[in-house]
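The next block holds one structure in the form of structure tokens; read it before the comments.
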Amino acid sequence: MRVQANGIDIHYRITGSGPWVTLSHSLACDLSMWDEQVAQLSARYTVLRFDSRGHGGSGAPSGPYTLEQMADDVVGLLDALGIERTHFVGLSMGGMIAQHVALKAPERLASLVLAGTSSRLPPEVLPVWQERIRTASEQGMEAMVEPTLQRWFTAPYRASHPHVMARIAALIRATPLAGFVGCCHAVPRIDVTARLRGLEMPALILVGDQDGGTPPSMAQEMHEAIAGSRFEVIADASHLSNIEQADRFNALLADFLGRQP
């Protein structure tokens, strides 16, 4: 299904029944990244997942995006669907969007889950993102597949789960170039750590112990900034811990959500 919000079409899917839980995916994925979570969550919650600007079935306008703009997309989607309040789960870029939604419209979030993400990236990573823009623009998304899989999953998992690698590779390959480039302008500019200290909703911070892109030290920084937040490190997982260690991720998520009023 689709709605128009903040000037673009947003593709979304709703399953289950109960309190709302909204899921926001990583760069170069789409809402299917959450399949392993939806199977469990939909038994107790109404699950909203959506394709972020520039991804999947949502609009992919050309030009640089901003995280503030992508948070406006989310608020517009919630408004269009008449959702007043939701638990919000974001991973990687989705976690950055989640932080901006929490800062922009805290009254809309019943709780916040930030996985494999960061509230601040150091300036020295900007050339890395500029190189990704250049490579994708010159060689297409195919050139991004293998290096991205290497960053997102541990070597043993990649070797033992070729079907998962094929599935995620297809998502990377299918990401619109304009969407990938637009988001690559947004992601490295996140810098909201100090602002997180004003958040008051319950929060869970998750990170894979082998996540090199957004390592446990970055998760620890968010945990220290958000008063009363819970911090969990997931063993034997890299960036997409919701897939590599789905059972542990799901158990932590279910326990956290189950404790919310």
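The values are calculated or read from the model by the stated rules, or taken from the named source; none is laboratory data. Given the structure is predicted, the values throughout are model-derived calculations rather than measurements. All Cβ positions, even for glycine, are placed from backbone atoms using ideal geometry, and neighbour counts span all protein chains on display. Side chains are part of the model used for accessible areas, which takes the heavy atoms of the whole protein and leaves out ligands, DNA and RNA. Shrake-Rupley method; radii C 1.70, N 1.55, O 1.52, S 1.80 Å.
Each distinct pair of alpha carbons in the stretch 69-153 adds a 1/r term; the inverse of their mean, the Kirkwood radius, is 14.8 Å.
Compute the projected area of the convex hull of the Cα atoms of the stretch 183-260, averaged over all viewing directions, and report it in nm² to one decimal place.
Working: hull surface 22.6 nm².
Average of the hull's projected areas for the stretch 183-260 equals 5.6 nm².
Restricting things to alpha carbons, find the Rg to Rh ratio for the stretch 109-261 using the Kirkwood radius for Rh.
Expressed as Rg/Rh, it is 0.98.
For the pair the stretch 1-23 / the stretch 30-71, the C-alpha centres are spaced 8 Å from each other. Counting only protein heavy atoms and a 1.4 Å probe, the stretch 23-125 has 28 square angstrom of accessible area per residue. Viscosity 1.306 mPa s, temperature 10 °C: give me the Stokes-Einstein translational D for the stretch 6-55 in µm²/s, with Rh taken as the Kirkwood radius over C-alpha pairs. Rounded, D is 142 µm²/s. Spin-label model, ARG230/ASP255: points 7 Å from Cα along the beta carbon direction are separated by 0.7 nm.
What dipole magnitude, in Debye to the nearest 20, does the chain give about its Cα centre under +1 on Lys/Arg Cβ and -1 on Asp/Glu Cβ?
260 debye
Average the reciprocal distances over every distinct pair of alpha-carbons in the chain, invert the result, and give the Kirkwood radius in Å.
About 18.0 Å for the chain.
If R0 equals 35 Å, the separation of the Cβ atoms of LEU103 and GLN150 corresponds to a calculated FRET efficiency of about 0.60.
Calculate I(q)/I(0) for the stretch 26-80 by the Debye formula, one identical point scatterer on each C-alpha and no solvent, and give its log10 at q = 0.13, 0.19, 0.25 Å⁻¹ to two decimals. Taken in order of the listed q values, log10 I(q)/I(0) reads -0.38, -0.76, -1.10.
Relative to the compact-globule estimate of 2.2 N^0.38 Å, the Cα radius of gyration of the stretch 1-143 comes out at 1.05.
List residues of the stretch 148-171, by number, whose backbone nitrogen lies under 15 Å from a label position 7 Å along Cα→C-beta of VAL128. Correct set: 148-153. Computed in the context of the full set of protein chains, the accessible area of the stretch 15-87 at 1.4 Å probe radius has 49% of its extent on carbon or sulfur. Extension gain for GLU68 to GLN220 (0.36 nm times residue separation, less C-alpha to C-alpha distance): 52.4 nm. Basic side chains Lys and Arg get +1 at the Cβ, acidic Asp and Glu get -1 at the Cβ, and with that the dipole of the stretch 1-108 about its Cα centre reaches some 180 debye.
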